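The values are calculated or read from the model by the stated rules, or taken from the named source; none is laboratory data. Just so it is clear, the structure is predicted and the values come from calculations on it, not from any experiment. For neighbour counting, all protein chains shown are included, and Cβ atoms are generated from backbone atoms with ideal geometry for every residue, glycine included.
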Amino acid sequence: MEVLAIVLFAVIFILILKGYPVAFTLGGLSVIFAIGISIFRPDVFSISDFNILPSRIMGTVNNYVLMAVPLFIFMGIMLEKSGLAQSLLETMAMMFGSMNGGLAISVIIVGTLLAASTGIVGATVVTMGMISLPTMLERGYKPELATGVIASSGTLGQIIPPSIVLVLLADTINSSSRGSESVDVGSLFSAAMLPGLILVVLYIIYVLIYAAIRKDSAPSIPKEEIKAFRGDNFIAKIIKVLVLPILLIVLVLGSIFTGIASPTEASAIGALGATILTIIQGKFSLKIGKEVARSTTRLTTMVFFILLGATTFTLVFRTLGGDDYLQQLILESQLTPTMFLLLVMLVIFVAGFFIDFIEIVFIIVPVVTPIFNVFDMNMLWVGILMALNLQTSFLTPPFGFALFYLKGVAPPQIKTAHIYRGIVPFILIQLFVVALVVFYPEIIFLSK
């Protein structure tokens, strides 16, 4: 029966790779599998075992922490509609445009600010791709550098709080830990700050080195153009464009880190603040409100349907003894905790080539978390490593979603090969940061 649990896991994984809907594959196949076993081996699994499933589902739906998911999604989509990204990019480009690679650096900084205020990768990549990619190409930037900077900067929302993946990771780790010490969302948020900022600094250093070596591939903006922009109420523009979003970031993250508000309460502050910002920008309307509500509902429904399917899968997998069997295999193989961690990191990285981060969180994380608990590993550290690793899933071909988002809005002269070549240095930087946190775990505790 334990082997059948592993077979169930493998079959689900294969079907998802083939493109079947994740939520229905997770839940539906688990139910079919369990019914088949109940017919032939009712002593192992009976239909009555499903009696606890409704209470588990309601426990998931009523989870106070997960209420932050739709609110952070609402916040991100509302900010996308506010036109803030365009204003930020224009202003930052004139602040850094006098140096070679300055436009690329401005994209990275704007990506960081959007990550800390939206946390939605798709919205950030599409917005920056539409606004900055044509400009960078017109100014003579090499396509590989331009696309690499935009795609990688857009994924910063995966690790820089408030991040949807950190909320989902915290909930999944806690529900799989079997009474071990819990990892709350606030702790993950604060622990992720320094690794996220290190990533940003390394992106900027790479651009500066690239621009110093190949000046023609990352030219500066003409001084006359910068002077003309700065001469027209430049300080007022900076205040309007920078102060308000930074104030929103401080309100949301500051309220969490100081303990004034829980992440769920802070997400409500963020949703309200994003709406006020959109009104100030003069972009709010009833039509925009409906579009934001509709998009929020669609994304939230997708996440929760996958979560409910994962809940069903976890029930069947554990009832069949799959997690105990995996623990036994790992312990008998005499893997050290470090070797097991590296194995899991490799599996997550490779899985990121083919499936989305949400699927990895709900399929792989619940299976490996109990084993990490047996090894008595710090789950806050492991959670940050997983989050950093999951960030690469948006950039790794062939199914990196950031690559799809960018290709969808890129000019016709941008080929898929340009994007693939452009993201390679940034994937290597991300892997370097993962290794840095593996060998220097104190990094995450410094940021706390």
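Quick rundown of the values:
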quantity: Residues satisfying the stated conditions in segment 407-421, i.e. at pLDDT 85 or above, aliphatic (A, V, I, L, M), in a helix (DSSP H, G or I) and surrounded by 15 or more Cβ atoms within 10 Å (Cβ to Cβ); calculated: I419
quantity: Unmet requirement for R298, which otherwise passes all of (1) modelled with pLDDT of 80 or more; (2) among the charged types (D, E, K, R); (3) loosely packed, with under 14 Cβ neighbours inside 10 Å; (4) more than 30 Å from V367 (Cα to Cα); calculated: (4)
quantity: Residue within segment 50-61 that is out of contact with any strand residue (DSSP E or B) (no Cβ under 8 Å at 6 or more places or on another chain) and closer than 17 Å to V361 by Cα present; calculated: yes
quantity: Of all residues in segment 70-98 being of a type in the set (G, A, S) and in contact with a Leu (Cβ under 9 Å, 6 or more places away or on another chain), the one that is surrounded by the most Cβ atoms within 10 Å (Cβ to Cβ); calculated: G76
quantity: Pairs where the first residue, in segment 1-17, is over 16 Å from I37 (Cα atoms) and the second is of a type in the set (A, V, I, L, M, F, W, C) and assigned to a helix (DSSP H, G or I), C-beta under 6 Å, 6+ apart; calculated: I12/L29; I16/V22
quantity: Index of the failed condition, S117 passing every other in (1) crowded, with 23+ Cβ neighbours inside 10 Å; (2) in a helix (DSSP H, G or I); calculated: (2)
quantity: Qualifying positions in segment 143-197 - of a type in the set (V, I, T) and either at pLDDT 90 or above or not in a helix (DSSP H, G or I) (or both); calculated: T147, V149, I150, I159, I160, V183
quantity: Test: residue in segment 12-22 that is of a type in the set (G, A, S) and either farther than 25 Å from F357 by Cβ or in a helix (DSSP H, G or I) (or both); calculated: no
